[in-house]
1. Could you pull the accessible area for E37 with a 1.4 Å probe, rounded to 10 Å²?
2. Charges at C-beta only: +1 for Lys and Arg, -1 for Asp and Glu. How large is the resulting dipole of the stretch 213-328 about its Cα centre, in Debye rounded to 20?
3. About the Cα centre of the chain, how large is the charge dipole given +1 on each Lys and Arg Cβ and -1 on each Asp and Glu Cβ? Please answer in debye to the nearest 20.
4. With r defined as the distance between the Cβ atoms of F420 and K355 and R0 fixed at 51 Å, what FRET efficiency is calculated, to the nearest 0.05?
5. For the stretch 317-476, which whole percent of the accessible surface, found with a 1.4 angstrom probe, sits on carbon and sulfur atoms?
6. Express in Å², to the nearest 10, the accessible area of H310 obtained by rolling a 1.4 Å probe over the protein heavy atoms while all chains stay in place.
7. If you count only protein heavy atoms and use a 1.4 Å probe, how large is the accessible surface of E395, to the nearest 10 Å²?
8. Would you mind getting me the FRET efficiency between E468 and R137? Use the beta-carbon distance for r and R0 = 25 Å, nearest 0.05.
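The values are calculated or read from the model by the stated rules, or taken from the named source; none is laboratory data. Source: prediction; values computed, not measured. Please note: Cβ atoms are built from the backbone with ideal geometry, for glycine as well, and neighbour counts cover all protein chains shown. For the accessible areas, the whole protein counts, side chains as well, though only heavy atoms, and no ligand, DNA or RNA atoms are used. Shrake-Rupley method; radii C 1.70, N 1.55, O 1.52, S 1.80 Å.
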Amino acid sequence: MTNSTFPLTCLHDGTENAGQGRPLTVLDKYTLTPVAEGAEASVDQMTAMIDSAQRAFTGGAPGAYERGEILDRAAHLLAQRAEEMMTTIMAESGFTASDARGEVTRCQQTLRLSAEEARNLRGEVVPLAGAPGQGRRMGFTLRVPLGVVLAVTPFNSPLNTVCHKVAPAFAAGNAVVLKPASATPLTALALGRVLLEAGMPPGFLSVMPGGAEVTQAAIADSRVRFIAFTGSTGVGRAIQQAAGLRRTQMELGSIAFTILADDADLDRALPKITGAGYRKAGQVCTSVQVVLVQRVRLEEATDRLTAAVHAVHYGDPRMAGTVTGPLISEREAARVDTWIEEALSQGATRLAGGKRKGAVVPPTLLTDITPDMRVLSEEVFGPVVSLLPFDTIEEAVSRVNATPYGLATGVFTNRLDSAFDLARSLEVGGVHINETSSSRVDLMPYGGSKDSGFGREGPRYAVEEMTEQRIVTITP
């Protein structure tokens, strides 16, 4: 075995133990060499984690103020360890320094927002006196935690998406069993250590690296009261079917569009589109996949965006100035490369791009695409952006709404009437005017519609998802 650079363990009851399941090797996504080796959690270990979580929840969570203090301390500790956390993220995810730094900075914000929500958890007074014969009766609601939360998280945001599930769950008073992506478990383990050091009671968080077998076994355990999942639509559908009547939050796949209307400010729009299309190697559910350009601006937008994409630095994520690093695996890079070649063979034109090298796919810009090409009909999840013209705003709306997905759409226009019309007519979870589809602020509600899922992230909204209302009435 190669010497591990990072510890790969299971985190349970405040201690770290070797996994007892299948062997697991975590690769550096650029060099494709091991950075950690160990084993997944076994089903028995997973069961023990749920035992601990249930026991901790039954024993009672720390009070709301204390939970807020713990999360605030975690944010402070994370800030102190920012460089260490960035090193871990870059090694196992292939992120550039800029993207890794963004993960750490945003995670601190998510922790602090969650701390606020812990302290602000509230119900409401119910005006029972407004009902006949109830004049002396009083009523109010409480928001109470659900119990054990299973969080299943993706590789493309190995720190902040994990935090968006774990921190609000704990803020609400739940216990969490976390199953991070097998490609990027090290960052989740590092966050777990931070939370425990900040004072989270050990039973309230377990981290179990693992694959489908351990995940399915955890979902099948009826003590899991809520499942928070970010990943593909196919896997999400299977999880939802297995969940039955239990509550879930599903953040699933997408084909993300950004619309350039004829009055768009291209000086503002094109740099944002370039960043949103190629950062994290296009591996974000809201990464710009298709730019819909009103035809009168097509030639100008095409020329300028082509030049911008040619200027995007790609390759080694540790090199200064790199924007597009490797995909999560060489297999995924080969898939994306195949889709590009398929599109070219079907009549698409490549305006920028080139030959794949290992897990790195050069930033690619396509035009002359048609609906039968996979780069338009399926989620690419890679550094590939396609240009598609439209004539009327209604046509652009129809194109976006024709997909089975509905996560987010960006719109660049300075016409207020068009902006409001698009906000009402686009069947997506988020419409961002003069921003790209990839625009996100951690305090806002985030989630999709249709095959992009349901439920909302964002600490305030996630706390609501992970609690239930309880009505209390008092009759004098």
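1. The accessible area of E37 comes to roughly 40 Å².
2. Numbers: 13 positive and 11 negative charges, 123 e Å.
Charge dipole, the stretch 213-328, about its Cα centre: 600 debye, nearest 20.
3. Details: 45 positive and 52 negative charges, 221 e Å.
Dipole of the chain, to the nearest 20 debye: 1060 debye.
4. Working: r = 45 Å, r/R0 = 0.88.
It comes out at approximately 0.70.
5. Numbers: 3540 of 6990 Å².
For the stretch 317-476, the apolar C and S fraction of the accessible surface comes to 51 percent.
6. Here the accessible area works out near 120 Å².
7. Accessible surface of E395 is approximately 70 Å².
8. 0.65
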